[in-house]
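Asker: Dumping the structure here so I can ask a few things about it.
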Amino acid sequence: EEIEKPFVEIKWDAAAAEKDGYEHFMMKEIHEQPRAVRDTLSPRIKENESGERYIDLSETGLTDEDFTNVSRVYLIGCGSAYHVGMAARYVLEKAARVPCEVDLASEFRYRDPILEESGLVIIISQSGETADTLAAMRIAQEKGAKVIGIVNVENSTIAQECKNVVLTKAGREIAVATTKAYSAQLAVVYALAIRLSEADGAISRREAAELVEELKSIPDKIEAILSDAEKIKPFADIADQSDYICFIGRGVDYCAAMEASLKLKEISYIPCEAYAAGELKHGPIALIENGVIVIGIITNKNLVEKTISNIQEVITRGAKTLIITNQILPNNNFGYVINIPETNELISPILSVIPLQLLSYYISKNKGLDVDKPRNLAKSVTVE
Ligand code: BG6
């Protein structure tokens, strides 16, 4: 039956249409993270007959046997992918009790690495085309290692040449500074850590099921942070004229600090660095003076007071501070505090990085810079 549909003129041009009304692809992709993580996890989370959820990575072609006797894990990537490897190491060593090494691909490829016979090499790359990462994968394969590729682009070179692949389902990522692909990669390495932990008996099926439940709750928790995205804006207005910003954290918070520092560097061009909070007193604190911005990440209840004392040290030296936390702080004269939802402390980088992605975005926008295509950078560096 024919119906009459009123014409509606779409004001967007093609690019704007692709941006879904966001001003920049980066902001759109920041907001796509709940879906990117959900789409990446859901095909890998199965339910057994007793209703317990578990991680199924059989698509990689790796068998139970492959996961059972892994003697060491090697995590390799560049940029944000390297930070995913850093975050994965804490989970793998704590939960799966498997020793890990994390390498920048550009270093791994030239150091003639020693790989254990029953080691597992995890190659992490959003584009699957990064020259250094591709070279590192080929070296690992030449050395006869078992290699898993975590990539976001299905028919990329790494995806084609790697025998065992886990695809992140973040969808096409346009902004040079990665956000949704980074979060989706974290989701995969956390799933991998649960799978390995259960296979080698480091955790029970029930403990694994509990970790899977926590992982399943992450998209909603990211959503909750994004629903208050503008909360960090006032701090961006304070920080956007800084000429030096320092991120600090302990444990996995240090990994999140590394990623936050790279994000800010990439799109605001402000010199910034991430330090292990405990390292501050061994040099970096010499950089702290009036007006320096220090951003602390605190998600481990056992490390609150240690990192808070670092924050107090820098405040007495004139720093302006921001804390990203899901812990109760002793009091609140620590400058800005952004609270994020609680989660298992081993996987908190997938949440603590979100407000800092937003902070980088707002600072870059305040400075009138090209958020999606920052100077000198490429989405994928396919040459050395
Ligand atoms: C850099 C990008 O060129 O390459 C980073 O600017 C990215 O955002 C890094 O993390 C690694 O890229 P890929 O595609 O191998 O993950």
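The values are calculated or read from the model by the stated rules, or taken from the named source; none is laboratory data. This structure is a prediction, so every number in the text was calculated from the model and none was measured. Glycine gets a Cβ as well: all are built from the backbone with ideal geometry, and neighbour counts include every protein chain shown. With ligands, DNA and RNA removed, areas are computed over all heavy atoms of the protein, side chains included. Shrake-Rupley method; radii C 1.70, N 1.55, O 1.52, S 1.80 Å.
Asker: Roughly how many nanometres apart are two label points built 7 Å out from the Cα toward the Cβ at Glu154 and Ser118?
Answerer: 3.6
Asker: Hey, if you put +1 on the Cβ of every Lys and Arg and -1 on every Asp and Glu Cβ in the chain, which of Ala187, Thr60, Ala229 ends up farthest toward the positive end of that dipole?
Answerer: The listed residue farthest towards the positive side: Ala229.
Asker: Once you keep just the Cα pairs under 8 angstrom separated by 6 or more residues, what percentage relative contact order results for segment 100-149?
Answerer: 46
Asker: Below 8 Å, C-alpha to C-alpha, sequence gap of six or more: please give me the relative contact order for segment 51-112 in percent.
Answerer: So the answer I get is 34 percent.
Asker: When each pair of different Cα atoms in the chain is counted once in the 1/r mean, what is the Kirkwood radius in angstroms, to one decimal?
Answerer: 21.5
Asker: With an 8 Å cut-off on Cα pairs and a minimum separation of 6 or more residues, tell me the relative contact order of segment 201-314 in percent.
Answerer: 26
Asker: Between Asn333, Ala276, Tyr90, whose Cα lies farthest towards the positive end of the dipole of the chain when Lys and Arg beta carbons carry +1 and Asp and Glu beta carbons carry -1, centred on the Cα centre?
Answerer: Of the listed residues, the answer is Asn333.
Asker: Which peptide among 68-75, 132-139, 377-384, 83-90 comes first, and what is the full order, when sorted by highest mean count of other Cβ atoms within 10 Å?
Answerer: My ranking of the peptides, most packed first, is 83-90, 132-139, 68-75, 377-384.
Asker: Charges only on Cβ, +1 for Lys and Arg, -1 for Asp and Glu: so what's the dipole of the chain about the Cα centre, in debye to the nearest 20?
Answerer: 860
Asker: Per-residue ellipticity at 222 nm for the chain, helices alone: DSSP H runs ≥ 4 residues times -39500 (n - 2.57), over residue total, nearest 500 deg cm²/dmol?
Answerer: -12000 deg cm²/dmol
Asker: Could you work out what % of the accessible surface of the chain is carbon and sulfur, using a 1.4 angstrom probe and leaving DNA, RNA and ligands out of the count? Show your work: numbers first, answer last.
Answerer: On the way: 8170 of 16760 Å².
Within the chain, the accessible surface is 49 percent carbon and sulfur.
Asker: Could you give the accessible area per residue of segment 29-137, probe 1.4 Å, as a whole number in Å²?
Answerer: 39
Asker: For a protection proxy built on the mean count of beta-carbon atoms within 10 angstrom, sort 173-179, 342-348, 189-195 highest first, please.
Answerer: Top of the packing list down: 189-195, 173-179, 342-348.
Asker: Treat each spin label as a single point 7 Å out from the Cα along the C-beta direction, and report the Asp220 to Lys5 distance in nm.
Answerer: With each label point 7 Å from Cα toward Cβ, the separation is 3.5 nm.
Asker: Magnitude of the Cβ-charge dipole of segment 277-373, K/R +1 and D/E -1, about the Cα centre, nearest 20 debye?
Answerer: 180
Asker: Enter the accessible area of Glu18 (Å², nearest 10), with the probe set to 1.4 Å and all protein chains included.
Answerer: 90
Asker: With unit charges on the beta carbons (Lys and Arg positive, Asp and Glu negative) and the dipole taken about the Cα centre of the chain, which residue among Ile245, Ile139, Gln312 sits farthest to the positive side?
Answerer: Gln312
Asker: Here is a follow-up. How far is it, in nm, from the label point at Asp200 to the one at Lys301 when both lie 7 Å from their Cα along the line to the Cβ?
Answerer: 2.8
Asker: To check you understand DSSP bridge types, tell me what percent of the beta bridges within the chain (both residues inside) are antiparallel, rounded to 5. Numbers along the way, then the final one.
Answerer: On the way: 3 of 43 bridges.
Bridges in the chain that DSSP calls antiparallel: roughly 5 percent.
Asker: With a 1.4 Å probe and every protein chain left in place, work out the accessible area per residue of segment 204-300 in Å², rounded to a whole number.
Answerer: Averaged over the residues of segment 204-300, the accessible area is 39 Å².
Asker: Once amide H atoms are placed 1.01 Å from N in the peptide plane, what residues at a sequence separation of 5 or more from Tyr244, or on another chain, have their amide H within under 5 Å of its amide H?
Answerer: The answer is Ile293.
Asker: So if I place +1 on the C-beta of Lys and Arg and -1 on the C-beta of Asp and Glu, and nothing else carries charge, what would the dipole magnitude of segment 190-253 be about its Cα centre? I want it in debye, nearest 20.
Answerer: 220
Asker: I need the P(r) histogram for segment 1-86: all alpha carbon pairs, bin width 10 Å from 0 out to the longest distance, whole percents.
Answerer: Histogram of Cα-Cα distances, whole percents per bin: 12, 21, 28, 19, 13, 5, 1.
Asker: If you don't mind, another one. Starting from a Cα-only point model with no solvent, please compute log10 I(q)/I(0) by Debye for segment 104-244 at q = 0.13 1/Å.
Answerer: Here log10 of I(q) over I(0) equals -0.75.
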